[in-house]
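Visitor: Just passing along the structure, written as structure tokens.
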Amino acid sequence: MQIFITFTGPLRQAGPNAVDVPEGTTLADVCRRLADESAGEVRRHLLTVDGDIEPSLLVAVNGAGVPPEERSCRRLVDGDELLLMPPIAGG
Amino acid sequence: MIADEQGGGGLAPDELDRYSWQRSVAGFGDDGQRRLKAAAVLVSRVGGVGGAAATYLAAAGVGRLVLAHAGNLRRNDLNRQTLMSTPGIGRPRVEQAAERLRDLNPHVVVETVPENATADNAARLVAGCDLVVGAAPLFAERLLLNAEAVRQGRPLVDAAMYDAEARLMSVVPGGPCLACLYPAPPPHWRREFPVLGAVAGTVGALAALETIKILTGCGPPLAGRLWTFDTAAMTCRTLTIPARRECPVCGLACPAPP
């Protein structure tokens, strides 16, 4: 199945914009895959040093935010639009 | 003077004239004007974002503005901090901001606090106001004010930007808060960030609008929603923010899920 991805903030120019993943893939699985396939800048925004999903990373699926405690169990479906938003605080 | 129906003071003839173009805004009117005049708003930092917010709040006629910002103006602040001036380099930012706002609207009481939000002053800063605008460049400050606003039952409008992106959300009592999004100060945020003044000013102006909505009821605020604007692509999104009972700041105040 295909998952569409949009990066924002410090990762605005990161990619890919879509990934093909097997049925049953969770949101956390996609984040880990993106981190594994990316350079350090992307990886450090997605994962903690312990390999967990960075809790301050904002994640939304189809426009609805997904809190940290649900990311490991949230299964994606074909066509889901994933928004990955590192924290920003420019004032 | 218009009779005061909201307990917030009447409007003098000069004010009726000054605000005449906005008193005809649907849902705002004289009642909204009186509500604004009766309100006090804390603006945490008056840089690119907070300065724009403070400007439009003063122009709109908020009764009392409390500006909190430490330090003196630097030359490289001037691409975005439009309440400041070149002759003011080296002078306290908050004093320059107050002078400009008093010139803009002498009906607004502008108070200055030459400090940034800290654990020592956050409770006092929030307690003196009806609403908080968070526009500091550090998560620690934003999260401190968020925690105090939630604890004291005050609304918070949080406006932020980075590069081409702007984000805006409102925290209202009983709803999700900034700590639902950012449980702790993120480890990778850097104090210096890429900023075009127009992007900071855009989200600052919208923070003022959000504040006016909350104070007057002239429109539904972004409670429980996060608005994001990619100014490079000129696309915006509004995301729902789930209330988190696990949130250490607002969790107990959030309603239980059905």
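The values are calculated or read from the model by the stated rules, or taken from the named source; none is laboratory data. Everything numeric here is computed off the predicted structure, so don't read it as measured data. Note: ideal-geometry Cβ built from the backbone for every residue, glycine included; neighbour counts use all protein chains shown. With ligands, DNA and RNA removed, areas are computed over all heavy atoms of the protein, side chains included. Shrake-Rupley method; radii C 1.70, N 1.55, O 1.52, S 1.80 Å.
Visitor: How much of the accessible area of the protein assembly as shown, in percent, comes from carbon and sulfur atoms when a 1.4 Å probe is used?
Guide: Heavy-atom surface of the protein assembly as shown belonging to carbon and sulfur, 1.4 Å probe: 53 percent.
Visitor: Take every DSSP beta bridge whose two residues both sit in region A:2-85, then give the antiparallel share in percent to the nearest 5.
Guide: Taking every DSSP beta bridge with both residues in region A:2-85, the antiparallel ones total about 75 percent.
Visitor: Can you give me the Cα centroid spacing of region B:198-244 and region A:38-58 in angstrom?
Guide: Each part's Cα centre sits 26 Å from the other's.
Visitor: Separate question: Per residue, how much accessible surface does region A:2-85 expose to a 1.4 Å probe? Answer in Å², no decimals.
Guide: So region A:2-85 comes to 46 Å² accessible per residue, rounded to a whole number.
Visitor: Could you run the numbers on buried accessible area between A and B, total for both chains, 1.4 angstrom probe, in Å² to the nearest 100?
Guide: Summing both sides, the interface buries roughly 2500 Å².
Visitor: If you count, for every residue in B:234-247, the Cβ atoms of partner chains within 10 Å of its Cβ, what is the mean?
Guide: 3
Visitor: Output the antiparallel fraction of DSSP beta bridges having both residues in the protein assembly as shown, as a percent to the nearest 5.
Guide: Bridges in the protein assembly as shown that DSSP calls antiparallel: roughly 55 percent.
Visitor: Sticking with this one: Provide the solvent-accessible area of B:Cys236, counting protein heavy atoms only and rolling a 1.4 Å probe, rounded to the nearest 10 Å².
Guide: Using a 1.4 Å probe on the heavy atoms, I get roughly 80 Å².
Visitor: If each DSSP helix of 4+ residues adds -39,500 (n - 2.57) and the sum is divided by the residues in chain B, what number results at 222 nm, nearest 500 deg cm²/dmol? It would help to have the intermediate numbers written out before the result.
Guide: Details: 9 runs with 88 residues, N = 258.
Helix contribution divided over all residues of chain B: -10000 deg cm²/dmol.
Visitor: So what are region A:2-85's ellipsoid semi-axes, whole angstrom, largest first, if each one is the square root of 5 times an eigenvalue of the alpha-carbon gyration tensor?
Guide: 17, 14, 13
Visitor: Averaged over its residues, how many other protein chain Cβ atoms are within 10 Å of peptide A:22-32's Cβ atoms?
Guide: Whole-number average of other-chain Cβ neighbours for A:22-32 is 0.
Visitor: Rank B:Ser44, A:Ser38, B:Ser24 by accessible area, highest first, at a 1.4 Å probe radius?
Guide: Details: B:Ser44 5, A:Ser38 30, B:Ser24 95 Å².
Result of the area sort, largest leading: B:Ser24, A:Ser38, B:Ser44.
Visitor: Right, next: Return one whole number: the accessible area per residue of chain B in Å², for a 1.4 Å probe. Working shown, then result.
Guide: Values: 10710 Å² over 258 residues.
Here the per-residue accessible area is 42 Å².
Visitor: Hey, what angle do you get for helix A:27-36 against the long axis of chain A, alpha-carbon based, 0 to 90 degrees rounded to 10?
Guide: With rounding to tens, the tilt is 60 degrees.
Visitor: Could you work out the local net charge near B:Ala164, counting Lys and Arg as +1, Asp and Glu as -1, over the other residues with Cβ closer than 11 Å to its Cβ?
Guide: Value of the local net charge: -2.
Visitor: Long-range amide H contacts for B:Val66: which residues qualify at under 5 Å (H placed 1.01 Å from N, peptide plane, sequence gap of 5 or more or a different chain)?
Guide: For B:Val66, the qualifying residues are B:Val41, B:Leu42, B:Val43, B:Glu111.
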